[in-house]
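The values are calculated or read from the model by the stated rules, or taken from the named source; none is laboratory data. In this text, all values refer to a predicted model and were calculated from it rather than measured experimentally. Positions of Cβ are generated from backbone atoms using ideal geometry, with glycine treated the same way; all protein chains shown enter the neighbour counts. When the accessible area is computed, the model is the full protein with side chains, heavy atoms only, and any ligands, DNA or RNA have been set aside. Shrake-Rupley method; radii C 1.70, N 1.55, O 1.52, S 1.80 Å.
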Amino acid sequence: MSKKKLVVFLSLLAVLSIVLSACGSSATPAAAPSTSGGLICVIVPPVDNPFFGTQQEIAAQKVEELGYTALKLVHDDDANKQSELIDSCIAQKAVAIILDNAGADATVAAVQKAKDAGIPSFLIDREITKEGVAVSQIVSNNFQGATLVAEEFATLLGEEGEYIELTGKDTDTNAHVRSDGYHEVLDALPGMKMVAQQTANWSQTEAFDVMESLLAANPNIKGVICGNDTMALGAQAALLAAGRTDVVVVGFDGSDDVNESILKGEIDAGALQPVAELATQAAIQADAYIKTGSTGKPEKQTIDMVLITAENACQYTGFGPNGKTSCP
């Protein structure tokens, strides 16, 4: 190749290189794909109750695992605060709400408000009194769990004796369903006599105070049946403070605190609510609905419960099975 041709060839290469470089530099870099499918609010009652705290953490974790941003909120069992939180979720253009509600009747309007704004709600643990407002209502089979607890309670008392019932919040459907399940069993046993029934509003502190008062008025009781675990812990503490280690106490939830108490021989039995499954299903169904417009499931869904006794209490941690197959 002549020197002149070589110079022309090299010049052409230089021009081509400049053109290619310019094309590359002027191209807009592709945007990184979003890691969030949107905001999902996870709203629950006070998280100082381990039931609600665990429920919220599991739901939020699953929401984020599915590619959304989880906003964890607490309504403190206050329907007005719950309404304000839902307003906030609407303003932030949430794509879904997972809710353990603050009242079966009071929540209907709040969930309807979210629906009207195009935001689907997925209720867990507690139902509301109207269908067709939430997309899903996923709850423990409270009646089935209550009958399990009542049957064990009756067996421990030899199917006779005076007992006290501590009930949950009157605005919570679960409080009534569990009490109905208890009485389905206990009212059929002529030797069982309920001498007092009083709410302690799901509270451990309130249950302690209520139990002190009821025990003074009913010193001959043989048992206390409670609508949840925190009330069972409060009642048990009051009985221990009074030196009454002879009274049978049963709870309802399957919390780690009560399972440990059962293993120590203090509280006698309870029922495990499948909190992990409730929370996980809510997130999965929210994702399915957002993507397809359907969960593929009915609105009302129940999950059966497990009786907890000293024989199996060590097999459950964090409201779910821990893999152990027997207790020492």
*asked:* Give me the percent relative contact order of the stretch 193-320, please, defined on Cα pairs under 8 angstrom at least 6 residues apart.
replied: 22
*For the chain, what's the relative contact order in percent, using C-alpha pairs closer than 8 Å and at least 6 residues apart?*
16
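At 1.4 Å probe size, with the rest of the protein present, what percent of the exposed accessible area of the stretch 196-252 is carbon and sulfur atoms?
Values: 1050 of 2110 Å².
Of the solvent-accessible surface of the stretch 196-252, carbon and sulfur hold 50 percent.
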*asked:* I'm spelling it out carefully: the read-out is Rg and Dmax of the Cα atoms in Å, the candidates are [x] 19.9, 62; [y] 23.8, 79; [z] 28.3, 119, and one was derived from this structure. Which label?
replied: [z]
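Taking the Cα centre of the chain as origin, work out the dipole magnitude from +1 charges on Lys and Arg Cβ and -1 charges on Asp and Glu Cβ, in debye rounded to 20.
Numbers: 21 positive and 42 negative charges, 583 e Å.
Around 2800 debye, computed over the chain.
Sorted by average packing, counted as other Cβ atoms within 10 angstrom per residue and highest first, what order do 235-247, 154-166 take? Please list the in-between numbers first.
Values: 235-247: 17.0, 154-166: 18.8.
Answer by packing, highest mean first, reads 154-166, 235-247.
Restricting to bridges with both residues inside the chain, how much of the DSSP beta-bridge set is antiparallel, in percent to the nearest 5? Each step should come with its number before you reach the end.
Numbers: 5 of 41 bridges.
Of those bridges, close to 10 percent are antiparallel.
Counting only C-alpha contacts under 8 Å and six or more residues apart, can you give the relative contact order of the stretch 238-313 as a whole percent? The partial results should precede the final answer.
Details: 74 pairs, mean separation 26.1, N = 76.
Value for the stretch 238-313: 34 percent.
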*asked:* On C-alpha positions alone, give me the angle between the axis of helix 142-156 and the longest principal axis of the chain, in degrees, nearest 10.
replied: 40
*asked:* Given the options Phe122, Gly270, Val195, identify the residue whose Cα lies farthest towards the positive end of the charge dipole of the chain (+1 on Cβ of Lys, Arg; -1 on Cβ of Asp, Glu).
replied: Phe122
*asked:* If you fit an axis through the alpha-carbon atoms of helix 79-91 and take the longest principal axis of the Cα set of the chain, what angle between them do you get, 0 to 90°, nearest 10?
replied: 10
*Cα axis of helix 107-116 to longest principal axis of the chain: angle in degrees, 0 to 90, nearest 10?*
20
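Arrange the peptides 220-232, 304-316 so that the one whose residues have, on average, the most other Cβ atoms within 10 Å appears first.
Numbers: 220-232: 26.5, 304-316: 18.1.
Packing order, densest peptide first, comes out as 220-232, 304-316.
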